[in-house]
Amino acid sequence: MSEQHAAQPLSQPFVDGLKQQRIQIQRCKHCQAALTLARYACTECGSDELEWVASAGTGTVYARTIVSRAPSDLYRPLAPYTLVIVQLDEGSRIMGHAVPGVEIGQRVKAGFFDHAGMTLIRFESF
């Protein structure tokens, strides 16, 4: 993996989880809020007592778009591709790729694929 795409230490558990084909989210030990992005403190209660836990990887499509022109050479081989924001069953939202035809409101589960030395999320309906 190039330095340009190297994970920051705070998000390393998330990246390590992807390599093991699982989505890791942070959970606040104080209020139990689920956080997708790596944080130093809970966005709900402000507690700094956060732990990394495995998500079931299931949820509902909240938003969807089709990318016809990739933002960089790294993603051009994938275009056109579908990106979604999924409301995970644990309560947080996460963005990932999706199989073609996935629609807003549809129930999906996470799968994974490798691209350019990275493991990425690809949601599919179930």
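Just so you know, all these numbers are worked out from the coordinates, no wet-lab data involved. The structure presented is a predicted model; accordingly, all values stated were derived computationally and were not measured. Every residue, glycine as well, gets a Cβ built from its backbone with ideal geometry; the counts of neighbours run over all protein chains shown.
Some points to look at:
- Two-site FRET efficiency, Asp89 against Thr119, from Cβ-Cβ distance with R₀ of 22 Å, rounded to 0.05: 0.55
- Theoretical gain in end-to-end length, Arg107 to Gln20 [0.36 nm per residue, Cα-Cα removed]: 29.0 nm
- Whether the chain is rounded, prolate or oblate, judged on the alpha carbon gyration tensor where a/c under 1.5 counts as rounded: oblate
- Database remark: amide H of His115 closer than 5 angstrom to the amide H of Leu120 (H placed geometrically; neighbours at sequence offset of 5 or more, or on other chains; Pro and chain starts carry no H).
- Within the chain: Cβ-based charge dipole about Cα centre, in debye rounded to nearest 20 (Lys, Arg +1; Asp, Glu -1): 320 debye
- The GNM of the chain, with springs linking C-alpha atoms under 10 angstrom apart, assigns the highest mean-square fluctuation among Ala79, Ala38, Ala56 to Ala79.
- Mean Cβ count within 10 Å, highest first, over the residues of peptides 120-126, 83-89: 83-89, 120-126
- Working note: 222 nm ellipticity from helices only, DSSP H runs with n ≥ 4, each -39,500 (n - 2.57), summed and divided by the residues of the chain, gives -1500 deg cm²/dmol to the nearest 500.
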